[in-house]
Amino acid sequence: MSTTPESSNPSSSSNGPSGQDGSGAGSEPVLLSLRGISKNFGPVQAIQGVNLDVPVGQVTALIGDNGAGKSVLIKTISGIWEPSGGHIYWKGDEIHVHTPRNATDLGIATVYQDLALCDNLDIVQNMYLGREETKFAMLDEIKMELATNQLLRDLSVSTVKSVRQLVASLSGGQRQAIAVARAVMRESQLVIMDEPTAALGVSQTAQVLQLIRTLSSRGMAVLVISHNLNDVFTVADRIAVMHLGALCSEGPASNYDTASAVELITTGHSSRVPSTLTPSS
Ligand SMILES: Nc1ncnc2c1ncn2[C@@H]1O[C@H](COP(=O)(O)OP(=O)(O)O)[C@@H](O)[C@H]1O
Ligand SMILES: [Mg+2]
């Protein structure tokens, strides 16, 4: 198991994919490091040479135009696609994520745009789907219900009336909240969200953004895709920009403003943002 990447490191402040003691993306330890990640679909090169560090306790926003490769990139992390090339490191060790189950077992939870919740089940049943608590070979409904209520309280999810409500009856924001709470319940260390606010109204969006901040304040790493720059500047500690399948800029959110972010999204360059990328060899 090698911890030496083939491609050069994108972070000028570190000299290898950072482990628990690393500091590749700033002062926080790096949880996940991508080095030279590419993915082809036949002749179509969806992403190439992506180097990215995702630190613990921080929100990293992944931004870019439609088709830039954001969803493909997170799918290579979450076990939907195997990368065609490159290396993935988790706490400094190289990992191979072949299936979504591999990713969840590691502690990577992904909340997709089309949420994988079951409409015909209630909130508690969704929270524990496939991992139900049992007592004397029976489902321990009381334990699961109490734990769900406690977790929603901990996460300040206050708008859900009853955890015995069917998920079909929830609003978009509440569904997002349940999907995220499920990730927390499974003791995920990295939560990845693909456009979590795309279908939400103003107040629901605010709630989901607040929830994202709560996760990072609990020490989880969050990687969130968004094309809403207001959301990005509200929640992100770090910003990573993709353009035509490549990562074109990455750094602390304070390095960016709306104009430079738009410039990067549309052209892949901005003279006004300090360059923190080291080109891949
Ligand atoms: N399953 C697939 N088969 C072929 N091409 C794909 C597939 N998924 C994505 N792509 C292509 O990869 C590129 C990046 O897509 P995607 O990551 O979905 O973009 P976005 O940044 O909007 O999330 C696009 O050109 C898209 O057409
Ligand atoms: Mg997408």
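Tabulated data
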{"item": "Where a residue in segment 65-94 is in a strand (DSSP E or B) and its partner, wherever it lies, is charged (D, E, K, R), with Cβ under 6 Å and at least six apart", "result": "Gly86/Arg35; His87/Arg35; His87/Glu94"}
{"item": "Top-ranked residue in segment 239-281 [being of a type in the set (A, V, I, L, M) and more than 13 Å from Leu229 (Cα to Cα); ranked as modelled with the lowest pLDDT]", "result": "Leu277"}
{"item": "Candidate set: segment 229-250, residues that are away from ligand 1 (no atom under 16 Å from the Cβ) and touching a strand residue (DSSP E or B) at 6+ places or on another chain (Cβ under 7 Å); chosen: the one farthest from Val54 (Cα to Cα)", "result": "Val235"}
{"item": "Complete set of residues in segment 191-209 that are crowded, with 16+ Cβ neighbours inside 10 Å and in a helix (DSSP H, G or I)", "result": "Gln204, Thr205, Gln207, Val208, Leu209"}
{"item": "Any hit, segment 238-247, residues being on the phi > 0 side of the Ramachandran plot and of a type outside the set (Phe, Trp, Tyr)", "result": "yes"}
{"item": "Test set (1) part of a loop (DSSP other than H, G, I, E, B); (2) among the charged types (D, E, K, R); (3) more than 20 Å from Glu28 (Cβ to Cβ) - Arg175 fails condition number", "result": "(1)"}
{"item": "Selection from segment 134-168 of residues that are in contact with an Asp or Glu (Cβ under 9 Å, 6 or more places away or on another chain) and exposed (fewer than 13 other Cβ atoms within 10 Å of the Cβ)", "result": "Thr134, Ser162, Arg164, Ala168"}
{"item": "Selected residue (criterion: surrounded by the fewest Cβ atoms within 10 Å (Cβ to Cβ)) from residues of segment 44-94 that are among the aromatic types (Phe, Trp, Tyr) and away from ligand 2 (no atom under 16 Å from the Cβ)", "result": "Trp90"}
{"item": "The listed residue being over 24 Å from Pro274 (Cβ atoms), at pLDDT 75 or above and hydrophobic (A, V, I, L, M, F, W, C), out of Val30, Val44", "result": "Val44"}
{"item": "Close pairs (7 angstrom Cβ cut-off, 6 or more residues apart or separate chains): in contact (Cβ under 8 Å) with a residue 24 or more places away in the chain in segment 144-166, hydroxyl-bearing (Ser, Thr, Tyr) anywhere", "result": "Leu155/Thr214; Ser156/Thr214; Val163/Thr148"}
{"item": "Residue match in segment 216-225 (condition: of a type in the set (A, V, I, L, M, F, W, C), more than 30 Å from Pro252 (Cβ to Cβ), touching a Ser or Thr at 6+ places or on another chain (Cβ under 6 Å) and away from ligand 1 (no atom under 16 Å from the Cβ))", "result": "no"}
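Yes/no matrix, rows are residues, columns are (1) aromatic (Phe, Trp, Tyr); (2) under 17 Å from the mean Cα position of the chain (by Cα); (3) closer than 30 Å to Arg272 by Cα; (4) within 16 Å of ligand 2 (Cβ to nearest atom):
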{"residue": "Val157", "(1), (2), (3), (4)": "no, no, no, no"}
{"residue": "Leu166", "(1), (2), (3), (4)": "no, no, no, no"}
{"residue": "Ala181", "(1), (2), (3), (4)": "no, yes, no, no"}
{"residue": "Thr197", "(1), (2), (3), (4)": "no, yes, yes, yes"}
{"residue": "Asn230", "(1), (2), (3), (4)": "no, no, yes, no"}
{"residue": "Arg238", "(1), (2), (3), (4)": "no, yes, yes, no"}
{"residue": "Tyr256", "(1), (2), (3), (4)": "yes, no, yes, no"}
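The values are calculated or read from the model by the stated rules, or taken from the named source; none is laboratory data. Since the structure is predicted, the reported quantities are computational estimates derived from the model, not experimental observations. All Cβ positions, even for glycine, are placed from backbone atoms using ideal geometry, and neighbour counts span all protein chains on display.
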